[in-house]
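To start, the structure itself, in structure tokens.
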Amino acid sequence: GVYGLTGSGKSTFGKILGGLLTPTKGFFQLEASEPSLSSSKTKPRILYLNYTSILTQGILLSQVVIPMKKLAREGYRITLVSGERIEDLQKRKQREALHRDLEEAGVEIVFFRKTLKPYLRVDAKRGGHAIFRALCFVFDLVRLFLLTGTLIISRKCRIVHARSYVPALIGLLY
């Protein structure tokens, strides 16, 4: 797996692997093979795990959706898992538009509904809420872990890209 701090170049590395960017200096080697997967006849299936809402964070649309659509046009088969809060999933028009846009580009999207209720985020400091929040978070991690395993096996994913520490931990376990 590839991991690192924010801004360390993980996404740029993925774009180079996919042939979306051409490096101007330096080199990389992947398991003693040629330095680009983009020339391969059979493109690997990519599972992209995103724990934060892609529906509500505009920056994710430019950092995630646009490169994914380009990779899909290059022949990569991509499944995107996006962690969404209940209130975000209720934005039906926005959700359906994103789903249609990605589907047309050849990207499969799976919305992962988080269990934590919105009002518990606001009142988290009141007694008992912190424990309940932690339990909801652990419950979501287990569900995301099981979903990830199911998708890796059923879609035969060879590359797992995790955005943020939550999916990165899950990706490392596989």
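The values are calculated or read from the model by the stated rules, or taken from the named source; none is laboratory data. Values in this document were obtained by computation on a predicted structure and should not be read as measured data. Virtual Cβ from ideal backbone geometry, glycine too; neighbours counted across all protein chains shown. Calculation scope for accessible area: heavy atoms of the full protein, side chains included, ligands and nucleic acids excluded. Shrake-Rupley method; radii C 1.70, N 1.55, O 1.52, S 1.80 Å.
Out of the stretch 113-166, which residues are at pLDDT 75 or above and in a loop (DSSP other than H, G, I, E, B)?
K114, T115, K156
Taking Y51 and the conditions (1) under 15 Å from the mean Cα position of the chain (by Cα); (2) at pLDDT 85 or above, which numbered condition does it fall short on, given that it satisfies the others?
Evaluating Y51 over (1) under 15 Å from the mean Cα position of the chain (by Cα); (2) at pLDDT 85 or above leaves (2) as the failure.
Would you pick out the residues in the stretch 96-110 that are in a strand (DSSP E or B) and of a type in the set (D, E, K, R)?
Scanning the stretch 96-110 gives a single hit, E108.
Please name all residue pairs, on different chains or six or more residues apart, with Cβ atoms under 6 Å, provided the first residue is in the stretch 98-112 and is free of Cβ contacts under 8 Å to residues at least 60 places away in the same chain and the second residue is open to solvent by less than 50 Å² (accessible area, probe 1.4 Å) and acidic (D, E).
The qualifying pairs are F111/E84.
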